[in-house]
Amino acid sequence: MHRREPSNWLTYQHLNFLKRQVSFTGSCISCNWFDGTHKPQTEFSHLKPTAENAAVQNVSASRKAGSPDEPPHVQVETEEEKQARLDRQWKQLKVDRADLPDIYARLSKIKLTALVVTTAAAGFAMAPVPFDPIIFFVSSLGTGLASCAANSINQYFEMPFDSNMNRTKNRPLVRGQISPLHAVSFALACGVPGVALLTLAVNPLTGFLGALNIFLYTCCYTPLKRLSITNTWVGAVVGAIPPVMGWTAATGCLEPGALLLGGFLYSWQFPHFNALSWNLREDYSRGGYRMMSVTHPTMCKRVALRHSLGLIGLSTLAPVLDVTTWTFPIISLPINLYISYLAFRFYHKGDRSSARKLFFCSLWHLPMLLLLALTCKKYSRNQEGATLPAASLPLTLPAN
């Protein structure tokens, strides 16, 4: 380029334009070069017209031979082509108000939100304090709103990839039932009041945990799904926080019992999700998600077995921390052994049938485990004194 001005640079477009201006006549080409002093003429007798140039000359000759009064050819657009063109254009999205409840329910993953609220309620009920129905209702409502917000933002981020998976291709954003702005507005309308309720009406610690869970789910777990298999461990932490929130909503502090309940949810999620993802490996692969079942199948089976056995140890730890009586590890041992047996079969066989059985077992195992823990709960001294009959209470006579 010899450091010339950009406007004077010779580009490929300039050379291509000059090439089209060259006229091929016979076997020689005449080009005039002007340098201000002379007009040399150079002949290239060794060049011959190519097939492309011959085609251009034939088209030019046919145009000259045509009638000057002949109207230009106009392509008529068919009805199908017109409809396809209109579909590709931006258009206003109309939403029927009668469909909004169903759309919002699917946008917030209502079944997953119900599970989150249930585990938070279990954490509230397991706390060794008197039961407060108002705080219980407010904390459950705030937790549910926070879960709706997190799930909506998750679907907003994963919208370009959900269309590639059979499991998620019917989500509202993928089908165009609502706009992305509508989905984000719904998430804000749920998340802000939810965190505010937990912070102001319950306690700041529970509000902080709710906001932290939204952040972990949307800003850590969601992008990690396409980057690393560590997303499964981050997702397990997200699922372990709701029972901790229930405990802190009741007590106002973070205690070992809250961490124990969080540990139950943390370990339970590995046999549950690993078995689920095993039969969805093709879907996750098409969506571009890096799951253990896709990239590390042996580790997927091993981790599911390890955490199934870990549930037995956590159940034994509950009476040690004064959360339950010693009856709990005994009566929970059969269901913990059964899910461990199914996890061992899944580890040994690694087929769809064993994965399906482990997944369906996990669906009833968690509520059964939490229910057994609730029946064996160790009450606080205040609650034990309040539940004693009046005849057993010490009688104090007034002093004269």
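The values are calculated or read from the model by the stated rules, or taken from the named source; none is laboratory data. Keep in mind the model is a prediction, meaning the values are calculated, not measured. Neighbour counts are summed over all protein chains in view; Cβ atoms, including those assigned to glycine, are modelled from backbone coordinates with ideal geometry. Remember, those area values only see protein heavy atoms, side chains included, never the ligands or the DNA or RNA. Shrake-Rupley method; radii C 1.70, N 1.55, O 1.52, S 1.80 Å.
Tally the residues that are open to solvent by 30 Å² or more (accessible area, probe 1.4 Å) and either in a helix (DSSP H, G or I) or small (Gly, Ala, Ser) (or both), restricting the search to region 261-287. Selection size over region 261-287: 9.
Scan region 223-241 and tell me whether some residue there is within 19 Å of residue 366 (Cβ to Cβ), of a type in the set (Phe, Trp, Tyr) and buried (at least 18 other Cβ atoms within 10 Å of the Cβ). No, the conditions are met nowhere in region 223-241.
Exactly one residue out of 146, 121, 125 is in a helix (DSSP H, G or I) and either touching a Ser or Thr at 6+ places or on another chain (Cβ under 6 Å) or not assigned by the TED database to the domain that holds residue 245 (or both), and it is 121. Determine whether residue 244 is under 17 Å from residue 366 (Cβ atoms), surrounded by 20 or more Cβ atoms within 10 Å (Cβ to Cβ), among the hydrophobic types (A, V, I, L, M, F, W, C) and not assigned by the TED database to the domain that holds residue 267. Considered against the rule, which asks whether it is under 17 Å from residue 366 (Cβ atoms), surrounded by 20 or more Cβ atoms within 10 Å (Cβ to Cβ), among the hydrophobic types (A, V, I, L, M, F, W, C) and not assigned by the TED database to the domain that holds residue 267, residue 244 comes out as yes. Every test in (1) over 22 Å from residue 167 (Cα atoms); (2) open to solvent by 20 Å² or more (accessible area, probe 1.4 Å); (3) touching a residue at least 40 places away in the same chain (Cβ under 8 Å); (4) not assigned by the TED database to the domain that holds residue 146 is passed by residue 250 save one, and that test is (4). None of 309, 321 is at pLDDT 90 or above, surrounded by 15 or more Cβ atoms within 10 Å (Cβ to Cβ) and either hydrophobic (A, V, I, L, M, F, W, C) or assigned by the TED database to the domain that holds residue 233 (or both) except 309.
Does any residue of region 223-236 turn out to be in the same structural domain as residue 336 (by the TED database), among the hydroxyl-bearing types (Ser, Thr, Tyr) and either outside any helix (DSSP H, G or I) or at pLDDT below 95 (or both)? No, region 223-236 contains no residue that is in the same structural domain as residue 336 (by the TED database), among the hydroxyl-bearing types (Ser, Thr, Tyr) and either outside any helix (DSSP H, G or I) or at pLDDT below 95 (or both).
If you go through region 330-373 and keep only what is in contact with a helix residue (DSSP H, G or I) (Cβ under 6 Å, 6 or more places away or on another chain), within 24 Å of residue 118 (Cβ to Cβ) and open to solvent by 20 Å² or more (accessible area, probe 1.4 Å), you end up with 331, 335, 357, 359, 368, 370, 372. Residues considered: 183, 196, 187. Of these, the only one that is buried (at least 19 other Cβ atoms within 10 Å of the Cβ), of a type in the set (A, V, I, L, M) and within 21 Å of residue 245 (Cβ to Cβ) is 187.
Considering each residue of region 252-260 in turn, none proves to be aliphatic (A, V, I, L, M), over 28 Å from residue 199 (Cα atoms) and not in a helix (DSSP H, G or I).
Restricting attention to region 336-382, the residues that are in contact with a Pro (Cβ under 8 Å, 6 or more places away or on another chain) and among the acidic types (Asp, Glu) total 0.
With the structure loaded, tell me whether residue 308 is among the polar types (S, T, N, Q), over 25 Å from residue 165 (Cβ atoms) and in a helix (DSSP H, G or I) or whether it fails that test. Yes; evaluated as a whole, the condition is true for this residue.
Of all the numbered requirements in (1) in a helix (DSSP H, G or I); (2) surrounded by 20 or more Cβ atoms within 10 Å (Cβ to Cβ), residue 177 misses one, and that requirement is (1). Evaluate the following for residue 292: is it in contact with a Cys (Cβ under 7 Å, 6 or more places away or on another chain) and either open to solvent by less than 10 Å² (accessible area, probe 1.4 Å) or closer than 20 Å to residue 123 by Cα (or both)? Taking the combined requirement at face value, the residue satisfies it. Of all positions in region 193-207, none carries a residue that is without any contact (Cβ under 8 Å) to a residue 60 or more places away in the chain, closer than 27 Å to residue 283 by Cα and part of a loop (DSSP other than H, G, I, E, B).
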